[in-house]
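Down below is the structure, laid out as structure tokens.
Please treat every number below as a calculation from the coordinates, not as lab data. Treat the numbers as computed from the prediction; the structure is a model and nothing was measured. So basically every Cβ, Gly included, is an ideal-geometry build from the backbone, and we count neighbours across all protein chains shown.
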Amino acid sequence: MKYHKLVENAAKPQGFWGRLMIRSMNRGHHELTDWALHYVTVPSGCRALDVGCGGGRTVQKLCEMVGSGKVTGVDYSALCVEKSQKLNQKNILCGKAEICRASVNELPFAEESFDIITAVETYYFWQDKLGGLKELLRVLRRGGRLLLVFEMLKDENDPEKWKAVEDRLHIEAVSREEITEILLRAGFWNIRTHVRSDKGWMCATAEKE
Ligand SMILES: C[S@@+](CC[C@H](N)C(=O)[O-])C[C@H]1O[C@@H](n2cnc3c(N)ncnc32)[C@H](O)[C@@H]1O
């Protein structure tokens with residue numbers, strides 16, 4: 001029962017269980033995020049966006065990488081915005097970070113606003129995945145890069161691996177092929193996927209031409 005309440009709050013954290021989930025995500029996605037960030041260059045001075053920023057740990061990591069640049073975090077959960085703001089308080093005060101409440105399908109940013117966009121463990125929850133990716137393409141500058149990060153990768157040898165979570169949250173684990181195909185359909189190019197097989201993790205990088 002407690003476990004279920006916690007898991008259900010991965011989609012849009014709120015209330016008591018949402019707070020616990022945010023804490024657990026900040027801890028649980030730390031190594032996964034570090035692994036995936038190796039596949040992108042985050043140049044000093046760049047503008048970065050983290051969508052579905054949860055508790056804000058990726059925003060914090062990106063702030064350490066962008067030097068004189070700026071990092072924006074976005075989440076549609078009010079609690080996540082509050083927690084991310086708290087974690088990144090110092091960087092917000094000095095104008096290096098900002099956290100906004102918004103959905104990935106309707107971002108309050110002009111076209112070509114960001115050099116790099118990250119999305120860690122959030123894609124499965126987007127109601128309109130293709131629309132979300134097109135919106136990310138819109139706010140990405142030409143030559144900019146998207147990084148999608150996944151822990152829930154389909155396993156051919158164990159098709160039931162994610163069934164309990166999939167059924168409870170009404171989401172689906174992803175495959176390299178599906179992600180490549182939808183990124184192409186959204187208009188990205190130079191798509192690459194990387195798998196860490198000992199952990200079952202996957203990340204995809206893609207560019208705006
Ligand atoms: C499993 S959590 C991952 C949080 C964070 N990226 C991390 O790695 O710890 C998924 C996050 O995506 C957010 N989210 C889901 N759908 C969203 C959407 N359509 N727009 C913005 N945020 C969304 C949720 O509120 C939640 O904070």
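Taking the square roots of 5 times each eigenvalue of the Cα gyration tensor of the range 1-81, largest first, gives ellipsoid semi-axes of 27, 13, 8 Å.
Please state the relative contact order of the range 30-207 as a whole percent: Cα pairs under 8 Å, 6+ residues apart?
Contact order relative to length: 19 percent.
For the range 108-125 versus the range 23-54, the inter-centroid distance based on Cα atoms is 12 Å. Relative to the 2.2 N^0.38 Å rule of thumb, the chain has a C-alpha radius of gyration ratio of 0.96.
Modelled this way, with points 7 Å down the Cα-to-C-beta line, the labels at Glu8 and Ala102 are 3.1 nm from one another.
With both labels modelled 7 Å from their Cα along Cα-to-Cβ, the Ser44 to Leu130 distance reads 4.3 nm. Over the residues of the chain, the helix contribution to mean residue ellipticity at 222 nm works out to -11000 deg cm²/dmol, using -39500 (n - 2.57) for each DSSP H run of at least 4. Kirkwood Rh over alpha-carbon pairs of the range 145-209, then Stokes-Einstein at 37 °C and 0.692 mPa s: what D in µm² s⁻¹, rounded to an integer? Here the translational diffusion coefficient equals 261 µm²/s.
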